1. Among residues belonging to the stretch 34-44 that are open to solvent by 40 Å² or more (accessible area, probe 1.4 Å) and either aromatic (Phe, Trp, Tyr) or in contact with a Phe, Trp or Tyr (Cβ under 9 Å, 6 or more places away or on another chain) (or both), point out the one that is farthest from residue 61 (Cα to Cα).
2. Working only within the stretch 30-42, note down all residues that are within 12 Å of the chain's Cα centre (by Cα) and in a loop (DSSP other than H, G, I, E, B).
3. Quick one: residue 56 ticks every box in (1) at positive phi; (2) open to solvent by 50 Å² or more (accessible area, probe 1.4 Å); (3) of a type outside the set (Ser, Thr, Tyr); (4) in contact (Cβ under 8 Å) with a residue 12 or more places away in the chain except a single one, so which number is it?
4. Considering only the stretch 1-28, state which residues are in a loop (DSSP other than H, G, I, E, B) and open to solvent by less than 50 Å² (accessible area, probe 1.4 Å).
5. Please go through the stretch 38-52 and pick out each residue that is closer than 19 Å to residue 18 by Cβ and not charged (D, E, K, R).
6. Mind checking which residues of the stretch 43-53 are acidic (Asp, Glu) and not in a strand (DSSP E or B)?
7. Taking interchain pairs and intrachain pairs at least six residues apart, which have beta carbon atoms under 9 angstrom, with the first residue in the stretch 23-52 and touching a residue at least 24 places away in the same chain (Cβ under 8 Å) and of a type in the set (Lys, Arg) and the second open to solvent by 50 Å² or more (accessible area, probe 1.4 Å) and assigned to a strand (DSSP E or B)?
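The values are calculated or read from the model by the stated rules, or taken from the named source; none is laboratory data. All values derive from a computational prediction rather than experimental measurement. All Cβ positions, even for glycine, are placed from backbone atoms using ideal geometry, and neighbour counts span all protein chains on display. Please note that ligands, DNA and RNA were not included when accessible areas were found on the heavy atoms of the full protein model with its side chains. Shrake-Rupley method; radii C 1.70, N 1.55, O 1.52, S 1.80 Å.
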Amino acid sequence: MEKKFEGEWIERRVIIWGDEGLSLYNSSGFGKPKPEDKPNRLELDLIEAAFLLEEGKITVSYTHLTLPTN
């Protein structure tokens, strides 16, 4: 079973925190890595996040709510 990355929906983007984000970016090319910021993160726009959610690559939580995946 392939690993699912955990994202957090904040305003108009989904954030994957820490080195996990860079791992997803390196394997897929999606998002904008922000390794210079502390804590480091990967920012996905909502279209990218929706695609990755549909493909089963990520899960997304929003204020204690987890959106279902396939």
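1. In the first step, residues of the stretch 34-44 are kept if they are open to solvent by 40 Å² or more (accessible area, probe 1.4 Å); the result is 34-39, 41.
Imposing the further condition that a residue be either aromatic (Phe, Trp, Tyr) or in contact with a Phe, Trp or Tyr (Cβ under 9 Å, 6 or more places away or on another chain) (or both) reduces the set to 39, 41.
Numbers: 39: 18, 41: 16 Å.
So the residue we want is 39.
2. Let us first name the residues in the stretch 30-42 that are within 12 Å of the chain's Cα centre (by Cα), namely 30-33, 41-42.
Correct list: 30, 31.
3. Only one criterion is unmet by residue 56, namely (2).
4. Let us first name the residues in the stretch 1-28 that are in a loop (DSSP other than H, G, I, E, B), namely 1-4, 11-12, 18.
18, the sole residue that qualifies.
5. Just the residues of the stretch 38-52 that are closer than 19 Å to residue 18 by Cβ, to begin with: 38-44, 48-49, 52.
Within the stretch 38-52, 39, 40, 42, 44, 49, 52 meet the criteria.
6. In the first step, residues of the stretch 43-53 are kept if they are acidic (Asp, Glu); the result is 43, 45, 48.
Once the filter is applied, which keeps residues that are acidic (Asp, Glu) and not in a strand (DSSP E or B), the stretch 43-53 yields only 48.
7. 41/17; 41/34
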